[in-house]
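The structure under discussion appears below in the form of structure tokens.
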Amino acid sequence: KIWFDLYKRTRGGPRDSSGFEHVFIGEVKDGKISGFHNWIQLYMEEQKGALDYRGYIKPRNKSDAQTNSDDHVLTLQFSWKGVEKSVGTSFIGVSPEFEIALYSMCFLLGSEDNEVSLNTGSDEFVLNIKCYTYDRDKIGTAFPEATAHYD
């Protein structure tokens with residue numbers, strides 16, 4: 001229910017969206033990309049030629065860690081189906097099951113802001129997992145924000 005029940009993204013509109021679609025697939029509404037926080041979808045859309053990866057944005061923090069090829073959280077810029085997404089944060093290289101479990105746990109805790117430490121073996125990230133509810137019983141969106149990154 002929390003991931004797959006359909007709801008209205010626009011007032012008076014049809015029930016045509018779900019938390020899963022928003023987070024893992026992405027949506028275009030009012031000329032803007034909404035959601036689209038999954039690296040697998042990003043990769044598949046880029047392979048089809050529907051997505052143009054524009055680069056990453058270094059996390060806003062005071063640490064000296066460098067962004068490199070073994071990072072598992074990146075803030076990205078891209079164009080999808082001709083529409084720009086200037087900022088979108090995604091886990092990189094993790095399974096959808098990991099993301100569903102993490103985001104579901106944050107949803108069930110009931111907080112929009114959830115501080116989580118992630119140690120990947122080569123890096124440590126302090127994350128704020130944003131989790132917004134919809135109609136109090138569904139996930140509207142969920143995504144990571146890197147607040148600190150240490151090598």
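The values are calculated or read from the model by the stated rules, or taken from the named source; none is laboratory data. This is a predicted model, so every value here is computed, not measured. The area values use the complete protein model at the heavy-atom level, side chains included, leaving out ligands, DNA and RNA. Shrake-Rupley method; radii C 1.70, N 1.55, O 1.52, S 1.80 Å.
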I'm checking my understanding of the structure. Among residues of region 8-51 that are at pLDDT 90 or above and in a strand (DSSP E or B), which one is farthest from Glu84 (Cα to Cα)? Ser17
Only listed residue being among the acidic types (Asp, Glu), closer than 19 Å to Thr75 by Cα and open to solvent by 20 Å² or more (accessible area, probe 1.4 Å), chosen from Asp135, Asp151: Asp151
Would it be correct to say that Glu97 is at pLDDT 90 or above and part of a strand (DSSP E or B)? no
